[in-house]
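Heads up, the thing below is written out as structure tokens.
The values are calculated or read from the model by the stated rules, or taken from the named source; none is laboratory data. Because the structure is predicted, anything quoted here is derived from the model rather than measured. Backbone-built Cβ (ideal geometry, glycine too); neighbour counts: all protein chains shown. Heavy atoms of the whole protein, side chains included, go into the accessibility calculation; ligands, DNA and RNA do not. Shrake-Rupley method; radii C 1.70, N 1.55, O 1.52, S 1.80 Å.
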Amino acid sequence: MAAACADPADEVANEAALIASDPIIARALHDPLMSDPDLASRNEANAAIGFVDSGALPVITASPEAASKAREALRLDLLERGSIPELPPPAHSASGKEMGPLTSAADLLAAVGAPTVCERQLIEDFSLAAKLPRVAAIPPSAMVMQAGGADGDTCGLRIIRYHTVAPREDVAQYHYTEALRGGLRVLRYTEPDDIIAATGEGGEALLVYIRTATNGLTGVLLIYRAP
């Protein structure tokens, strides 16, 4: 009860001063809750692809204004290279496993038909997110949460998780358009995530799982297998 009598303004000022003087306490107070499934990859014992926590990228904040700007950035990026095709309505599909932050590496590889031997070749490296072919490119202003892959003869793989403030429909439109322009056969499903599934010659495959993440963001898992 005594604590409830404190002046809220004083509490805010004291906390700000504490944060400024001790970044470790700041992180303890403001780090995201580990119950958030999007942070499952921080537990490297169970993650499909582990990554170093200190390598996290700047956090983006969701708001209607930010979502509108991100949507326009996606459309402008697409329009610079041609007209934007109409996004088909999603078809319901009961096949396949639900893909999320806790999905195993074996299931991720199986989703694009990659050999099981590729699992041993997977590495974590944020730079791999910058080495995607145009057909599997991530949209402007995306915040990469996790990136990995392999570059063996039969294991040309990229597994990228990213967040964006752009709405789910616009993210689906972006990946659908890029896959279509890349000559792939593209389908759209929902179960309940939006899924862009595309295939090409020589075993080329692209799967993009798009869902509503925490804090109003859009969470995306992209799996690409090169031909």
Go through region 190-210 and give me each residue that's within 17 Å of the chain's Cα centre (by Cα) and without any contact (Cβ under 8 Å) to a residue 60 or more places away in the chain.
PRO192, ILE196, ALA197, VAL208, ILE210
Residue list for region 193-225, restricted to those being part of a loop (DSSP other than H, G, I, E, B) and in contact with a Lys or Arg (Cβ under 8 Å, 6 or more places away or on another chain)
ASP193, GLY200, GLU204
Quick one: count up the residues across region 145-161 that are of a type in the set (Lys, Arg) and open to solvent by less than 10 Å² (accessible area, probe 1.4 Å).
0
Kindly indicate whether any position in region 168-179 is free of Cβ contacts under 8 Å to residues at least 24 places away in the same chain, open to solvent by 10 Å² or more (accessible area, probe 1.4 Å) and of a type outside the set (Val, Ile, Thr).
no
When ALA142 is run through (1) within 22 Å of ALA110 (Cα to Cα); (2) crowded, with 23+ Cβ neighbours inside 10 Å; (3) not basic (Lys, Arg), the failure sits at (1)
Residues that are of a type in the set (A, V, I, L, M, F, W, C) and either in a loop (DSSP other than H, G, I, E, B) or open to solvent by 50 Å² or more (accessible area, probe 1.4 Å) (or both), drawn from region 108-137:
ALA110, VAL112, ALA114, VAL117, LEU122, ILE123, PHE126, ALA130, LEU132, ALA137
Check region 76-96 and report whether any residue there is at pLDDT below 90 and closer than 30 Å to ASP153 by Cα.
yes
